[in-house]
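Just below is one structure, and these are the notes that go with it.
The values are calculated or read from the model by the stated rules, or taken from the named source; none is laboratory data. Small disclaimer: the values here were computed from a predicted structure and weren't measured. Glycine gets a Cβ as well: all are built from the backbone with ideal geometry, and neighbour counts include every protein chain shown.
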């Protein structure tokens, strides 16, 4: 199963707006996508679970995807996180 | 034009349409349903209606205040559609035949608690969003029309019977120009909230609920009046006064960060009353030289469990860190009586203001008190954190509380944790017995902080939330001012310092008197800080002493205020 490791550079971490963008992006894909932060694992399409990861500024997360569009979903989520959730131009 | 009279609760002028705040009841029963499928369908229908409502709210917010402000509703919509949450609700209904209201509340509450358990202050605040979303669906399931403020679309003057702390959470502050309540006195929750937000307010205006929505109003928070349907000339006059007031505030704001030193070189501390991390950051911006009152109730309210030591430690530490070396005074838990926590199951009392509350409750329930003391000791390590105990009536209470604090310190040291090495310990002086015994109490503490809101109501035996008698509980009562004088004198005689964290500290007409009585520290709501500092800088200690002396020889609060008004004109722009 493809996976990628990302660091949250956004100044407030995976909070309301970044988390919403993350979940909205994940929901565009059919794959089953998981986010792991420390000992916690969340469904990437569940905003409540993603918020409950408590991924603050500087947190390292692992994203795993399983399904036909797994690679595309990881690419899209990586681009989102690396662009600092669209705040970096 | 009609003029309604109430109690002046928060200064300033507001001009705008009336909006009536109406209460809604979201209590629901828990029952077994016959058809789980039908119940899940009912739940899904309610979720869909909620989603449509939120989409409309989101579009409106985006148009009015931009994408950034509207983003929170986007998150609300995602919460409604959350697959993990919906699965939990559906499973509960299908496996246990639980009604939708109960299944939904249980599931959302589970997530709210999960978020509350996080270290990050901002993520914890998202628990309120989950509950907000749940309340929206509950309203639909229960057929309760809408939220008390759903119709609030343009900036308005809010009219209400009274506002509880949880009601005010629901108010979108950007749409509130001012507040007017039918009940309550100058120190009721609505009044305190208005002052902390810098919103003009009048309370105890009994006829205010007869005013229909959208009526144009002029609210004068300094005079305590509400003008209903004023003519164009009157509106123009008040607009000019509003502009003049704004000019004075802008003027004093320039020097908000300068120290408060009188013209003859006497310096006092001007610090803030705050209740959370956001307040801490705002306080620094407003020119506060520290915190004179950190209310810790925010950690306990709107929760379903007691916050544990670690949660408290992180919250306190975040606040102390904001202030660096500046002092922060943490007031230990002040609940019981009228301020209740659902999970503590405190019995109802005939007379909550005279009941088992604050330090009395904490001493009776060490399991409640000890985690807070331990968290405070740890948060104070290497910082300037002080603690104070509320509602002290006698010396024995201070001894017990201090000994519990020392026990906690010894335990923490034994556990190898770092703790505050020297932490100043003080008490609130808000019970007349404590004021009278100030000389004895001074020997037990490092400082006093006078709480004039409670001290006035206990001294005058007048309930400040009862509009009929609230006027009696004025902190300008010479009786209260004489107690303040005695407390300061008793403390100074023993080399201890005295602060004041009641509303009086930020009241322009009281500042000269308090300064003259020798008060060392003035702790107030943020909006009052710049003007308070400017007033202090405009005076000499000697003239303040003379005014204080004269004020103590007067007969009533009105005479005291008139005297200060006459002798010490407010700084003008």
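One table, with the values for the structure above:
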quantity	calculated
Options B:116, B:95, B:121, B:109: the member that is more than 14 Å from every other protein chain (Cβ to nearest Cβ), out of contact with any strand residue (DSSP E or B) (no Cβ under 9 Å at 6 or more places or on another chain) and surrounded by fewer than 23 Cβ atoms within 10 Å (Cβ to Cβ)	B:95
Candidates B:518, B:495, B:502 - the one that is surrounded by 21 or more Cβ atoms within 10 Å (Cβ to Cβ) and in the same structural domain as residue B:287 (by TED's automatic domain parsing)	B:502
Among the candidates B:56, B:8, residue that is surrounded by fewer than 20 Cβ atoms within 10 Å (Cβ to Cβ) and under 30 Å from residue B:203 (Cβ atoms)	B:8
Residue in the range B:459-468 that is modelled with pLDDT of 95 or more and surrounded by 17 or more Cβ atoms within 10 Å (Cβ to Cβ) present	yes
Selected residue (criterion: modelled with the highest pLDDT) from residues of the range B:125-138 that are facing another protein chain (nearest Cβ under 9 Å) and buried (at least 23 other Cβ atoms within 10 Å of the Cβ)	B:130
The range A:1-19, residues that are within 21 Å of residue B:117 (Cβ to Cβ), at the interface with chain B (Cβ under 8 Å from one of its Cβ atoms) and in contact with a helix residue (DSSP H, G or I) (Cβ under 7 Å, 6 or more places away or on another chain)	A:12, A:15, A:16, A:19
Filtered residues of the range B:70-85 (kept if more than 9 Å from every other protein chain (Cβ to nearest Cβ) and either under 17 Å from residue B:41 (Cα atoms) or outside any helix (DSSP H, G or I) (or both))	B:80
Test: residue B:507 is crowded, with 18+ Cβ neighbours inside 10 Å, over 21 Å from residue B:439 (Cα atoms) and modelled with pLDDT under 95	yes
So residue A:79, is it more than 28 Å from residue B:112 (Cβ to Cβ), surrounded by 15 or more Cβ atoms within 10 Å (Cβ to Cβ), away from chain B (no Cβ under 14 Å) and at pLDDT 90 or above	no
Residue check, residue B:325 over 30 Å from residue B:394 (Cα atoms), assigned by TED's automatic domain parsing to the domain that holds residue B:534, over 21 Å from the mean Cα position of the chain (by Cα) and outside any helix (DSSP H, G or I)	yes
So residue B:14, is it assigned to a helix (DSSP H, G or I) and in contact with a helix residue (DSSP H, G or I) (Cβ under 9 Å, 6 or more places away or on another chain)	no
Within the range B:536-547, tally of residues that are surrounded by 20 or more Cβ atoms within 10 Å (Cβ to Cβ) and under 29 Å from the mean Cα position of the chain (by Cα)	1
Residue that is modelled with the lowest pLDDT, among those in the range B:548-571 that are assigned to a loop (DSSP other than H, G, I, E, B) and over 29 Å from the mean Cα position of the chain (by Cα)	B:569
Single residue of the range B:141-160 satisfying the filter (modelled with pLDDT of 85 or more and either in a loop (DSSP other than H, G, I, E, B) or buried (at least 20 other Cβ atoms within 10 Å of the Cβ) (or both)) that is nearest to the other protein chains (Cβ to nearest Cβ)	B:141
Failed condition for residue B:38, given (1) within 14 Å of chain A (Cβ to nearest Cβ); (2) assigned to a helix (DSSP H, G or I)	(1)
Enumeration of residues in the range A:36-52 that are within 18 Å of residue B:113 (Cα to Cα) and touching a strand residue (DSSP E or B) at 6+ places or on another chain (Cβ under 6 Å)	A:41, A:42, A:49, A:50
Residue B:350, sole failed condition from (1) under 22 Å from residue B:458 (Cα atoms); (2) part of a helix (DSSP H, G or I); (3) more than 18 Å from the chain's Cα centre (by Cα)	(2)
Total residues in the range A:22-52, condition within 16 Å of residue A:80 (Cβ to Cβ), within 11 Å of chain B (Cβ to nearest Cβ) and surrounded by fewer than 19 Cβ atoms within 10 Å (Cβ to Cβ)	2
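To keep it simple, each residue is scored yes or no on (1) under 24 Å from the mean Cα position of the chain (by Cα); (2) modelled with pLDDT of 95 or more; (3) surrounded by 22 or more Cβ atoms within 10 Å (Cβ to Cβ).
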| residue | (1), (2), (3) |
| --- | --- |
| B:395 | no, yes, no |
| B:402 | no, yes, no |
| B:406 | no, yes, no |
| B:412 | no, yes, no |
| B:425 | yes, yes, no |
| B:429 | yes, yes, yes |
| B:433 | no, yes, no |
| B:440 | no, yes, no |
| B:454 | yes, no, yes |
